[in-house]
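Below is one structure; the comments refer to it alone.
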């Protein structure tokens, strides 16, 4: 018997993208190790990407780590 997926909710449209197979498989494996779905990883990273771009458009830049935190003296 075929495994059934999550039923369609009609809320989130399905998108199609081209991703190299090796990258897709590696990302899927990492997501599995974290107990997350690949869709969750993709959505999280796309949200981060868009938020970072919007911050830069407003002139708010990510701050580099302080130099004192980089060395172990």
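The values are calculated or read from the model by the stated rules, or taken from the named source; none is laboratory data. Quick caveat, the model's predicted, so the values are computed rather than measured. Quick reminder, even Gly has a Cβ in these numbers, built from the backbone with ideal geometry, and neighbours come from all protein chains shown.
Condition check for residue 22 on (1) loosely packed, with under 10 Cβ neighbours inside 10 Å; (2) modelled with pLDDT of 85 or more; (3) not in a helix (DSSP H, G or I): one failure, at (3). Residue pairs whose Cβ atoms lie under 9 Å apart, sitting 6 or more positions apart in sequence or on different chains, and linking a residue in segment 12-31 that is closer than 15 Å to residue 46 by Cβ to a partner that is assigned to a loop (DSSP other than H, G, I, E, B), are 14/8; 27/19; 31/37.
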